[in-house]
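Trainee: Below is a structure I'd like to ask you about.
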């Protein structure tokens, strides 16, 4: 199962058809990155300084409910488009979510936006590290199971926790 589509591959690979007509927005208020600290992975929460909602570029595929039989291999779902990292906390890993401005998000969703226009939007959307802040959060965010959606998981913790 894939959870992201690399921007440098999305326009020329498996994702190309969705890049043309399966564009979506994944709303968020931040994202997590894990950093190796003292021999373990420490999660950090990254969010915009102005607390405005984020618009992650996404690609989606939804089977036609009216089709007698969906095409083989059809899967409902979505992926987040990721971009190459440029350094700093936003880029602890080699990839990060492709964050669009509200205007870019609106154009991204517009069915009239052509493949070339969508490519231009994606290739020119840039997340500036100075527009974000980040802080350590509880490692509980990495645990699966019931009860791991607590709002406190997005709250800063001290350096000794």
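The values are calculated or read from the model by the stated rules, or taken from the named source; none is laboratory data. Remember, it's a predicted structure, so these values are computed and weren't measured experimentally. We place every Cβ from the backbone using ideal geometry, glycine too, and count neighbours over all the protein chains shown.
Trainee: What pairs come up if the first residue lies in the stretch 45-56 and is free of Cβ contacts under 8 Å to residues at least 40 places away in the same chain, the second is exposed (fewer than 12 other Cβ atoms within 10 Å of the Cβ), and their beta carbons are under 8 Å apart, counting only those six or more places apart or on different chains?
Mentor: Going by the 8 Å Cβ cut-off, the qualifying pairs are 53/27.
Trainee: Can you report the number of residues in the stretch 115-160 which are within 18 Å of residue 34 (Cα to Cα) and surrounded by 11 or more Cβ atoms within 10 Å (Cβ to Cβ)?
Mentor: Qualifying residue count, the stretch 115-160: 18.
Trainee: Checking the conditions here, which among 90, 59 is within 13 Å of the chain's Cα centre (by Cα), surrounded by 11 or more Cβ atoms within 10 Å (Cβ to Cβ) and at pLDDT below 70? Break it down stepwise before answering.
Mentor: Numbers: 59 fails: at pLDDT below 70.
Going through 90, 59 in turn, the sole match is 90.
Trainee: If I ask for residues that are touching a strand residue (DSSP E or B) at 6+ places or on another chain (Cβ under 6 Å), in a strand (DSSP E or B) and at pLDDT 90 or above, which ones from the stretch 4-30 would you list?
Mentor: Passing the criteria: 24, 25, 26, 28.
Trainee: Related question: How many residues are touching a residue at least 24 places away in the same chain (Cβ under 8 Å) and either in contact with a helix residue (DSSP H, G or I) (Cβ under 9 Å, 6 or more places away or on another chain) or at positive phi (or both) when one looks only at the stretch 28-38?
Mentor: Number of matching residues: 6.
Trainee: Please verify whether the stretch 107-114 includes one or more residues that are in a loop (DSSP other than H, G, I, E, B), modelled with pLDDT under 90 and loosely packed, with under 14 Cβ neighbours inside 10 Å.
Mentor: Of the residues in the stretch 107-114, the ones in a loop (DSSP other than H, G, I, E, B) are 110-114.
Checking which are modelled with pLDDT under 90 leaves us with none.
No, the stretch 107-114 contains no residue that is in a loop (DSSP other than H, G, I, E, B), modelled with pLDDT under 90 and loosely packed, with under 14 Cβ neighbours inside 10 Å.
Trainee: Follow-up question, since we're still on this one. Look at the stretch 34-50 and say how many of its residues are part of a strand (DSSP E or B), within 19 Å of the chain's Cα centre (by Cα) and surrounded by fewer than 17 Cβ atoms within 10 Å (Cβ to Cβ).
Mentor: Qualifying residue count, the stretch 34-50: 3.
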